[in-house]
């Protein structure tokens, strides 16, 4: 199957799901999910972390689980649970990439010069490189988990670098999840939100995106310099 056909199929599926979701009580589901987690906090935390680990290993988008953490648990607990799930999931994918899926990963990254250069760059500053690749978001998060599995970095340094690098990204998505929680409550109760509140929300979203792009650009340049140095060597 060609990449173009695959992309068309993905777009069609997304459109179908989006149209179908319009008739579903999504807001009620979100409120119900939040209520269940509050009623059973320990079970909710365990289920969330386990599902996040499985989703990360299965190459599912990480932003979904991060935003759900903010929606279900709030900012503080949501950040803690999201960091635990994302870091543990990244470590699990790393181990799968190093063992069971090693051949598949090697084939997948064989044509990517920058990913191949990672192994050389990791020799001297492994923690810094891992953290930079996470913050800069130059490489897809899920694919990078597996790619690191075929490098020489040890799992301790990899996990620590992943946790530090993902902290600001996870924090932003968890915070957006808390906003989604407020919106679901507004929708479920049929309340109306004032124009001023919408402006505040919009300004906050723009500010968050601006910060992410600025950090990504600056750290991306630093990472690219390190990659070029590694390739020249």
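Worth pointing out:
- A crude spin-label estimate for the pair residue 104 and residue 92, with each label 7 Å from Cα along the Cβ direction, gives 1.5 nm.
- As a rough footprinting exposure proxy, the listed residues 158, 40 were ranked by other beta carbons within 10 Å of their own, and the order from fewest upward is 40, 158.
- Counting only the Cα atoms, segment 30-78 fills a convex hull of 65 Å³ per residue.
- Estimated FRET transfer efficiency when R0 is 22 angstrom, pair residue 157-residue 54 (beta carbons, to 0.05): 0.35
- Per-peptide average of other Cβ atoms within 10 Å, ordering 75-83, 42-50, 98-106, 58-66 highest first: 75-83, 58-66, 42-50, 98-106
Quick note: the coordinates plus some simple rules give every number you see, no bench work behind them. Source: prediction; values computed, not measured. FYI the Cβ positions are ideal-geometry reconstructions off the backbone, even for glycines, and counts take in every protein chain you see.
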